[in-house]
Amino acid sequence: MPNKSVEDMDTLFEGVFNKLISPQFGKNLGGELPLYIQPVPSDKQSEVGGQVKRLTNRLSKKGFESLAINLYDLSMEILEEEGVLDTILEDEQNLPDEDIIATLDSMLDIKSIIIPRIKEAIVSTNPSFVFISGVGRSYPFLRSHGILNNIDELTNNCKLVLFFPGEYNNLQLKLFGKISDENYYRGHNLNDIKSI
């Protein structure tokens, strides 16, 4: 079995593409959510954005509309819209850490800010697939389990794939292979799904 830390991202994403275009993908879930977690090697997370863009283009050619959401980019967009990004960047050295953290926590609240923004994008696009990335870059302000635990209502008409830099053993998410998150067992590990 290949070492996950040196896995070729082209090969990994080729496998993802083949699974997603399979007519059987997302079927027979037994009432469970069409929510998938694709672990990616932590040291390759910088490649995910480009790979997701390429995946989206390839799926489009097959007739599947996809929506890519990078949590870090979404966070920066929200902070900029609220007019606090420049202030934080300019005055970071003069602001107490707890003030910065409190501001970020309130401006990037998962339930009241992040999930509604994701839902808005899904409703306006009506995609077959939603890809969420940027998990590592948005940590610790946005936590994977926080997103996943609040995403139920978003997956009604689409299949959602979270690209996770770390490990997922169908019970626990381990960011960067080191930081254990809360137990999460409702997402299907995309590595365990076979292409047909």
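The values are calculated or read from the model by the stated rules, or taken from the named source; none is laboratory data. Note that the structure is predicted; figures quoted are calculated from it, not measured. In this analysis, Cβ positions are derived from the backbone assuming ideal geometry, glycine residues included, and neighbour counts consider all displayed protein chains.
Within the range 1-41, the set of residues being hydroxyl-bearing (Ser, Thr, Tyr) and at pLDDT 75 or above comprises Thr11, Ser22, Tyr36. Of the residues screened, Ser46 is not one that is among the small types (Gly, Ala, Ser), surrounded by 15 or more Cβ atoms within 10 Å (Cβ to Cβ) and closer than 30 Å to Lys194 by Cα.
In the range 28-36, is there at least one residue being touching a residue at least 12 places away in the same chain (Cβ under 8 Å), surrounded by fewer than 17 Cβ atoms within 10 Å (Cβ to Cβ) and under 22 Å from Ile151 (Cα atoms)? Let's see the steps before the verdict.
Within the range 28-36, the first condition is being touching a residue at least 12 places away in the same chain (Cβ under 8 Å), and the residues that meet it are 29, 32-36.
Pick out the ones that are also surrounded by fewer than 17 Cβ atoms within 10 Å (Cβ to Cβ) and you get 29, 32.
Retained after the next criterion (residues that are under 22 Å from Ile151 (Cα atoms)): 29, 32.
The answer is yes, given that some residue of the range 28-36 is touching a residue at least 12 places away in the same chain (Cβ under 8 Å), surrounded by fewer than 17 Cβ atoms within 10 Å (Cβ to Cβ) and under 22 Å from Ile151 (Cα atoms).
When Glu47 is tested against (1) charged (D, E, K, R); (2) at pLDDT below 90; (3) assigned to a helix (DSSP H, G or I), just one condition goes unmet, and that condition is (2). Number of residues in the range 10-44 that are closer than 16 Å to Cys158 by Cβ, charged (D, E, K, R) and in a helix (DSSP H, G or I): the value is 1. Any residue in the range 12-26 that is small (Gly, Ala, Ser), surrounded by fewer than 15 Cβ atoms within 10 Å (Cβ to Cβ) and free of Cβ contacts under 8 Å to residues at least 60 places away in the same chain? No, every residue in the range 12-26 fails to be small (Gly, Ala, Ser), surrounded by fewer than 15 Cβ atoms within 10 Å (Cβ to Cβ) and free of Cβ contacts under 8 Å to residues at least 60 places away in the same chain.
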